[in-house]
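**Student:** So that we are looking at the same thing, I have put the structure below in structure tokens.
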Amino acid sequence: MVPIRKILLTALCLLVLLGLDYLGFLEGMNNYFYDLSFRLRGPEKPLEKILIAAIDEKTLSRLGPWPLQRAWYASLLKKMKAADIVAFDIVLAETSPDDPLLAEAMKRSAPVVLPILINEDLSIEYPSRTFSAPLAGHVHVERGIDGVAREVYHTLYFQGRRLPSFASVIYELAEKRSFPRRAPFGEHSNEKAILQENLMRVNYSGGPGTIPRLPVFDIVQGAYPESYFRGKIVLVGITAMGLVDSVTTPYAESRMGTSGVEVQANIVNNLLLANAIRVVPLAGSWLIDIPLALLLYICFFRLNERNSVLLLIAALLLFSLFTFLAFSIWHIWNPPAATMISFLVLLMLAYLFKLHAAAVSLGATYAAILPHLRNERGKEKADYGREGLSGILSPRGIQQQALVLHDLAHQLIFEKELSDRILLSDLFGVAVFDPEGRLILANRDIHRLCAENAVSLDDRDRFIADLANHVLEKDVGSPAFEQWLQMAAITVSLSRPEMRYLKVDLSLLSVAEKMYSLFILSDITKVKEVELLKGQIVSIVSHELRTPMANIQGFSELLVGSLEGDLKQYAGIVLEESERLTRFINTFLDINRIEEGRERIEKNPVLVSDLLRHVQAEMQPTAKSKAIELRVEAPAEGTPVLLDRNLIEQALLNLIENAIKYSPPDREVILRVSERFDSVIIDVADRGYGIRDEDQSRIFDKFYRANVECAEDVKGSGLGLAFVKQAVEAQGGQVTVQSTFGEGSTFSLIFPKSAPEQA
């Protein structure tokens, strides 16, 4: 998928999520986590100076049914006259015969606060005028859409009047200072509109009963001395079950209500302790959450699906823990629903993008494989998977792709069966031994050959020892398994049931981190056919590798230019290795083309001295990087030689690169040209590590690398010298080498002055 589309789709999803959060669709989830945080935190100790004088069941049974005679309130005030503040969370709007008595008690007691109500008909219900305009405040709390009281507005503006909250009036009396109130914005002429300011989130100390309750009956009867109430703030209210509507709080797991007076006591406790819950504004929450979500999004693309899910779980747990700690320690609430949902949405988006890329890759892979299958059925489905994710999500998309993959599986099974039939047929003798040397697989041909020629097949070492008696090569010494692994070619002759010459190929197979020994005995007369088939397969595979290698090289170049630090170093390693693998593939294909006669040789007169100076200039930076002097010794003029300049230049570059790699620093490499009466000789001489005598006969073999302990870190494919030999001999020349181990090597390219005509 085009990157701009990914960005736009991601931005769209985040905008939709933020819009839902802004419109309140996630409020239910946020409220659940908010209430759960209270219950996980548990109760906190409120101020000891706050008490509740509770009109509970005991009080009603002893002092009479509700409403209580106000004479009892007068008695209550007399018993608590040492208190700092007494607040009645009881509406005293209507008059009663006991009002004069209560009014007199109010004058002689601590400051008294009475409640104000706004009725359903939008009329304000004040305390009775009998009480000489006492301090009063509204007792309304805000309930959420789920009925839970979490907030309170400390200032209401209604019908031109400012109504302070019940708790803020108590706060002003206790702290002897004004409560900071905000004025309403603008002017409002609607008499029925209630303007609310000074919003506060209530930080409940706990569930019902957290703030100490004293039955009114016990106080009136003198169960508590007058000194007990000194310095206290006492809120008088109803706690008897079923008498008044209770308020649901975050602590009400079973939806058991909390009395209104206890809610007011919690609000007063918050104001005095300055520990109300502070809510992170929506914009501030987004500024925190969006970068965190995008960082996770990037990680989701870098990790596989399993690790992405584990990262998501860890992120959700850590974010929940941080949210809870901020709530319980600092009393800060950051609504987590949008953030948690964004984590999930971005994980699904990353997975869908990966699924789309996998679908496209699967289709491209199927299209690349299909032409190479021998079975012609189903090739009309070559465009399978090109639509990517849209193809999967289309009607019957999954079923259609499953059918195509099923068809591909059948064709691959066909290819495997065909290969197995060829491998285990009479064309080959095949034996596989496990790491302990026991036989685990052998075809009937090798069983028959071994039985008729008295060769043991039960044990690998005995099998090698018996075959050693029939080996034709004279340089095969003791029949050791390690020695046979190093042999380039082993030919045996078996006389029964008829004389037959077989080539023995030995290799190791790594399966489940164990090494298995594979022996293949092939008839010499059919080797060429097998090599041709192998060459075709290698050519196809190598060509298929070129395009992805070019992509890897290109993208790694971009990454090297755009990254910094360790990531840039890693990208540089990828670039270096991709370039090395590309050179390996190209060299290997060049060798195959030359061997098969498909390389077009274009000979033209070449002045060798000019060619040497050209390659000297090209390799000079590499030589300088290793402090090696690259010198040319050639006459100013010479006899031009008919050569394919490109092939010889590539061969010389390979020889010079080897000379530099296998030479210690501060040495020299000499490019020399000399003439004989019938030939021109180009020497590449170095004073490097040299080549052992036993390796010199094999250094031109493909994939063979001489073992040089002092140059173990030198990378190579073992194809450079094989290419040099093929390129030179294809033009009628020859390659020789003279080397002394530890002193240096000289490679000579010898070309006739009058080159023979090419066939």
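The values are calculated or read from the model by the stated rules, or taken from the named source; none is laboratory data. These numbers were taken from a predicted model, which means no experiment stands behind them. No Cβ is skipped: glycine too gets one built from the backbone with ideal geometry, and neighbour counts run over all protein chains shown.
**Student:** Within the set of pairs 6 or more residues apart or between chains, which connect a residue that is surrounded by 14 or more Cβ atoms within 10 Å (Cβ to Cβ) inside the stretch 625-640 to a residue that is of a type in the set (D, E) and in a loop (DSSP other than H, G, I, E, B) with Cβ atoms less than 8 Å apart?
**Tutor:** Going by the 8 Å Cβ cut-off, the qualifying pairs are I628/D666.
**Student:** Out of the residues in the stretch 428-443 that are at negative phi and part of a loop (DSSP other than H, G, I, E, B), which is surrounded by the fewest Cβ atoms within 10 Å (Cβ to Cβ)?
**Tutor:** Looking at residues that are at negative phi and part of a loop (DSSP other than H, G, I, E, B), I get E436.
**Student:** Under 7 Å between Cβ atoms, which residue pairs at least 6 apart in sequence (or on different chains) link something in the stretch 58-85 that is touching a residue at least 12 places away in the same chain (Cβ under 8 Å) and crowded, with 20+ Cβ neighbours inside 10 Å with a partner that is among the small types (G, A, S) and not in a loop (DSSP other than H, G, I, E, B)?
**Tutor:** Once the first residue is touching a residue at least 12 places away in the same chain (Cβ under 8 Å) and crowded, with 20+ Cβ neighbours inside 10 Å and sits in the stretch 58-85, its partners that are among the small types (G, A, S) and not in a loop (DSSP other than H, G, I, E, B) give A74/A105; L76/A53; L77/A105; I85/A174.
This table checks each residue for (1) buried (at least 17 other Cβ atoms within 10 Å of the Cβ); (2) under 28 Å from G24 (Cα atoms); (3) of a type in the set (A, V, I, L, M); (4) in the same structural domain as I52 (by TED's automatic domain parsing).
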{"site": "V141", "(1), (2), (3), (4)": "yes, yes, yes, yes"}
{"site": "S165", "(1), (2), (3), (4)": "yes, yes, no, yes"}
{"site": "A174", "(1), (2), (3), (4)": "yes, no, yes, yes"}
{"site": "P212", "(1), (2), (3), (4)": "no, no, no, yes"}
{"site": "P215", "(1), (2), (3), (4)": "yes, no, no, yes"}
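**Student:** Suppose we filter the stretch 583-616 for residues that are among the hydroxyl-bearing types (S, T, Y) and at pLDDT 65 or above; how many remain?
**Tutor:** 1
**Student:** I've got another one for you. Scan the stretch 226-246 and tell me whether some residue there is assigned to a loop (DSSP other than H, G, I, E, B), hydroxyl-bearing (S, T, Y), without any contact (Cβ under 8 Å) to a residue 24 or more places away in the chain and under 24 Å from V261 (Cβ atoms).
**Tutor:** Yes - at least one qualifying residue is present in the stretch 226-246.
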